[in-house]
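Worksheet for the structure shown next.
The values are calculated or read from the model by the stated rules, or taken from the named source; none is laboratory data. Here the structure is a predicted model, which is why all the values come from computation and not from measurement. Here the Cβ is made from the backbone with ideal geometry for all residues, glycine too, and neighbour counts use every protein chain on show.
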Amino acid sequence: MFRHAAATRPKSYFFLAHRRQLSSQRHAFPVDFIATAIRPFPDYSPKKPAIYDAELVRSIVTALKQRRSESPDVILGPFAARFRSDHLVWAFLHLRSDPVLVGALLHWYRPRGRPVPAEALAIAAHVAVVSGEPASARRLLRDGLVSHRNFVDRVIYTYKYWCSVPSVFDLLFGAIVDINRLDEARTLFRHLVTYGIIVSADACNALLSRLTLDHMLSTFSEFQELGLRWNTKSCNVLIHGFCGAGKTGEAHRILLEMEGTVGASPDIISYSTLIDAYCRYGELLQATELFEEMGDKGLMPNAFTFNSLITLLCKNEKVVEAERVFTEMMFRGVAPDHVVYTTLINGYCKSGKLPAVYRLVEEMKNSQLVPDTVTYTALIYGLSRSGNMVEANKLFREMVGKGLSPDEVTYTALIDGYCKEGKMNDAFYLHNEMLQMGLVPNVVTYTALSDGLCKQGEVETANELLRETSGKGLELNVFTYNSLINGLCKIGNIEQAVKTMVDMEAAGLCPDVYTYTTIMDAYCKSGEMDQAHDLLREMLDKGIQPSIVTFNVLMNGFCTAGMLEDGRRLLEWMLERSIMPNSATYNSLLRHYCMEKTMKTTTKIYKEMRASGIMPDENTYNILIRGHCRARNMKEACYFHSEMIGKGFSLSRGSYNALIKGLVRKKRLTEATQLFEEMRAKNLVANREIYNIFIDINYTEQNIEMTLELCDEAIEKCLPESDLNKI
DNA sequence: CGGGAGGTCT
């Protein structure tokens, strides 16, 4: 049923509506200003058909109404030759309460090569809105907008005669925003105000969220002054905008003041957005304070809120704490979704804790949560990182099998995995495959490939690749330059590395802690401690904070240069500034004292390390074991060996050699043989000396077959003795 | 209107 009464409604209705709006505003306008400012919608009516046309239209309409179940093509076919675009509107006059038939007529007319007139599209949209079909109205409006320059005018022009309702303008506004004509949306808002129409806050929010921060703010105040009452979502958009620009202080201010200035109280999204920003910028304290505060206000944190905290903890390599928060969240009755699981899985992937990863994947499946592309990418990345390309590929196929599409991030994770293994052919094969899939490799992909080439010593090829990358219009960034600089350092070309650092500055990129640490390491390794120190000075002057790696590089430099006093001083300097050393810091010192065969000092330092709560890593154990073996402390060596096995660490080639040699010396042949077999099973090559020992033993015991096998193996695999010291 | 994946230094 169509309500003709609506046609008389607009003027007074909107006047009242507008007054109501203003009375709740802080900046009230004089009422008589509004009374004179509002103009009525135009009085238009469709032009009259000629008798011939009217009869044609009546026949068409009758046919459509009576034969609803038949295809419009069949019904309208006979009229096709005589049908003009004018007939559309005349037909709509009879079909105004029947949006289905309006749609059918348009649908039939449209593909016939002639454009649908703006007027017909606008009318069809009004009919759809009035009949409660906003989705099709929006489609029609969008069509009108893209095909007719003055479509907005047509919608306003036809508004009154077709007894439309104000929400058509929300849809029109939304459609303009959809096609990204943001200035036009703002103009429309102002224009509609002159008719006494205020576009809804939600429609305006869609615009707001697409604007840059500056425009966002100016639009917010302008629309507010024109009579719009913004809502909580609007403030959330502003909060998000400020957060994205790093202005958490401003965002926080909105959260605190929105109730008073806009009359909209912050909701769970307002808080979560700000909490997420604090987490992103590493301000855990601020984040947790807000977390508490929202609870006090009766806003319960949800999976989004918790996820931000979990992400931050994972980023800070506190994945165990992250899981504690995860457990706490479930305890509070918040069910984790697939995103939270992905966050935590990724955290464990980064720290290489695959058993925990598998446990969470299992748990996720049991909760009926479905992993998506992001989840799979995190898993593939985790497996690539731990050198397990076979499993990574299996997962890749599994995700494709499940109908998920790998994107450029997924491919890059796999490509990086191959690069880290030095399998550059596989890496480039995947690069080609992603091109064939229509995916566009980005600067991250090329950085991974370039880094892979650099690590293979093919710095020239990497340089060539990056030239091509720039040629494609991709902008190289700090990561790219750093990996190239590292490549140059590793082939011993520090001079070129420094030149490249200058290049990157010329390209407008600031060398960061990675750049400096990389070059400092090169200087340290070539014994140029003064140069390294100069660079440290330079980076401190620039206000770049050294990382633990920077200190470790220096520590390693001091130790290898035999500047032990400087090393110890550096350690104390770090401790005084509560810069927490890690296992690598201590490993340099330990390695040095082991080489000096001063195991007493080594043990003292090791005890200091444990007392500071620093867990030894695989390297630490290998250093200690080799040291104790050389000092012939087999009891200690064996103790550390069993402890490291208990933690899932493995002996290095050097440690195997040292342990076996030590055990043989103590005549503990059973243990020595067992280790030798274990070593061979892992495809690690023993020293010539060790082979000789076992060849002798087997020969003495007349195990001729074994003797020959070992001889062959030694000839095939062992390097000449002279090269052994280089390993 | 809010959350999760990939590339650089020992």
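Candidates in the stretch A:55-105 are the residues that are in a loop (DSSP other than H, G, I, E, B) and under 54 Å from the mean Cα position of the chain (by Cα); of these, the one that is nearest to A:I123 (Cα to Cα) is A:R96.
Return the residues of the stretch A:543-562 that are away from DNA strand B (no atom under 14 Å from the Cβ) and at pLDDT 95 or above; say none if nothing qualifies. Lay out the reasoning, then the answer.
Step one: filter the stretch A:543-562 for residues away from DNA strand B (no atom under 14 Å from the Cβ), giving A:543, A:562.
Within the stretch A:543-562, none qualify.
Can you name the residue in the stretch A:322-340 that is assigned to a helix (DSSP H, G or I) and either at pLDDT below 95 or within 7 Å of DNA strand B (Cβ to nearest atom) (or both) and, of all such residues, is surrounded by the most Cβ atoms within 10 Å (Cβ to Cβ)?
Here is the first cut: in the stretch A:322-340, the residues assigned to a helix (DSSP H, G or I) are A:322-331, A:338-340.
With either at pLDDT below 95 or within 7 Å of DNA strand B (Cβ to nearest atom) (or both) added as a condition, the list becomes A:338-340.
On the way: A:H338: 18, A:V339: 17, A:V340: 23.
Per the criteria, the residue is A:V340.
Considering (1) more than 21 Å from A:I544 (Cβ to Cβ); (2) within 11 Å of DNA strand B (Cβ to nearest atom); (3) surrounded by fewer than 23 Cβ atoms within 10 Å (Cβ to Cβ), the lone condition that A:S450 does not fulfil carries the number (3).
Among the residues of the stretch A:379-408 satisfying the criterion of being among the hydrophobic types (A, V, I, L, M, F, W, C) and surrounded by fewer than 18 Cβ atoms within 10 Å (Cβ to Cβ), which is farthest from A:P355 (Cα to Cα)?
At the first step, the residues of the stretch A:379-408 found to be among the hydrophobic types (A, V, I, L, M, F, W, C) are A:379-380, A:383, A:389-390, A:392, A:395-396, A:399-400, A:404.
Subsequent filtering for residues that are surrounded by fewer than 18 Cβ atoms within 10 Å (Cβ to Cβ) retains A:390, A:400.
Working: A:V390: 17, A:V400: 24 Å.
Going through the qualifying residues, I end up with A:V400.
Of the listed requirements (1) modelled with pLDDT under 90; (2) part of a helix (DSSP H, G or I); (3) away from DNA strand B (no atom under 16 Å from the Cβ); (4) not acidic (D, E), A:K597 misses just one: (2). All conditions in (1) out of contact with any Lys or Arg (no Cβ under 9 Å at 6 or more places or on another chain); (2) part of a helix (DSSP H, G or I) hold for A:S308, with the sole exception of (1). For the stretch A:179-188, the criterion of being at pLDDT 95 or above, more than 16 Å from DNA strand B (Cβ to nearest atom) and assigned to a loop (DSSP other than H, G, I, E, B) is met by at least one residue. Scan the stretch A:453-462 for residues that are out of contact with any Leu (no Cβ under 7 Å at 6 or more places or on another chain) and under 21 Å from A:P511 (Cα atoms) and the total you get is 1.
With A:F551, A:F558 as the choices, which residue is part of a helix (DSSP H, G or I), more than 35 Å from the chain's Cα centre (by Cα) and either among the polar types (S, T, N, Q) or surrounded by 18 or more Cβ atoms within 10 Å (Cβ to Cβ) (or both)?
Numbers: A:F551 fails: more than 35 Å from the chain's Cα centre (by Cα).
Step by step, each of A:F551, A:F558 is checked, and only A:F558 is part of a helix (DSSP H, G or I), more than 35 Å from the chain's Cα centre (by Cα) and either among the polar types (S, T, N, Q) or surrounded by 18 or more Cβ atoms within 10 Å (Cβ to Cβ) (or both).
Taken together, the criteria place A:G613 among residues that are in a loop (DSSP other than H, G, I, E, B), within 27 Å of A:E576 (Cα to Cα) and either out of contact with any helix residue (DSSP H, G or I) (no Cβ under 7 Å at 6 or more places or on another chain) or in contact (Cβ under 8 Å) with a residue 60 or more places away in the chain (or both).
Exactly one residue among A:L465, A:L484 is assigned to a helix (DSSP H, G or I), surrounded by 23 or more Cβ atoms within 10 Å (Cβ to Cβ) and over 21 Å from the mean Cα position of the chain (by Cα), and that residue is A:L484.
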